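Values in this text are rule-based calculations from the coordinates and carry no lab data. Keep in mind it's a predicted model, so treat the numbers as computed, not measured. Backbone-built Cβ (ideal geometry, glycine too); neighbour counts: all protein chains shown.
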Amino acid sequence: YAYCSKKGIHVIATSPVFSKPVAEIALGMTLSLLRNIHNAHFDFVKPALLDAGGLIYFSGVAIKPGKPVSFGRVGDALWLGLPGNPVAALVTWTIFGEKLFASLVGSHRGTKRRNVVLLDPVQNRGGRCELRLARLGDFDETGREVVTCPAATHSARVAGLIDADGLILIPAETDSIPRGGLVEFLPFAVNN
């Protein structure tokens, strides 16, 4: 569990005795980042937030990776619950956290999404929007920016992060996109 206050970023370990620290931390805090646990038998975060008088605005989003992301409020403080797997946490931070943080600090700078061309075809099982790590390449013969990505998303495998420039978005209703197909690319903030 980590949270932001005017004094900086603070980290606290999660445990079943979590309700009292949550209530105390919510005083004077602006944004809190929490690690969600998708298994209901081991999720101490959301019950503790509710015990502290918190609200859950949403819990669970149809994206891969990152389905267990949650968002809510405790007192005047907003909280964002990130999934436990590192790639899933990065994806949900990129989609939700960056915008939330920017709005809290009054920034109007948006992420510069753009269309790029797939070097190789991609498959999607469907049912959820999939966000895959992607690496920008050169340009094709018509001057369009080209992107490569792995054949599948593995939310616990961090090795691909070092080469990734951002994420491509594969819509939930799309089973496959052929080589040369256009996809939406969302650059990581450091590349923006």
Taking 35 Å as R0, compute the FRET efficiency from the Cβ-Cβ separation of Val146 and His108 and round it to 0.05.
0.70
How would you order 167-174, 51-58 from highest to lowest mean count of nearby Cβ atoms within 10 Å?
167-174, 51-58
Sorted by mean Cβ packing within 10 Å, highest first, what order do the peptides 80-88, 141-149 take?
80-88, 141-149
Mean separation of Cα contacts under 8 Å, 6 or more apart, over the residue count of the range 113-163: relative contact order %
38 percent
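Give me Val158, Val61, Val105, Val183 ranked fewest to most by other Cβ atoms within 10 Å of their Cβ, as a rough exposure proxy. Mind showing how you got there, number by number?
Numbers: Val158 13, Val61 17, Val105 8, Val183 20.
The order, fewest Cβ neighbours first, is Val105, Val158, Val61, Val183.
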Zone residues, the range 162-192, relative to Gln123, backbone N less than 16 Å from point 7 Å out along Cα-to-Cβ
174-179
Which whole-number percent gives the relative contact order of the range 80-188, counting Cα pairs below 8 Å spaced six or more residues apart?
36 percent
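Test of understanding: ordering His154, His108 by Cβ neighbours within 10 Å, fewest first, what list do you get?
Ordered from fewest to most neighbouring Cβ atoms within 10 Å, His154, His108 come out as His108, His154.
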Relative exposure of Glu98, Glu130, judged by other C-beta atoms within 10 Å (fewest first):
Glu98, Glu130
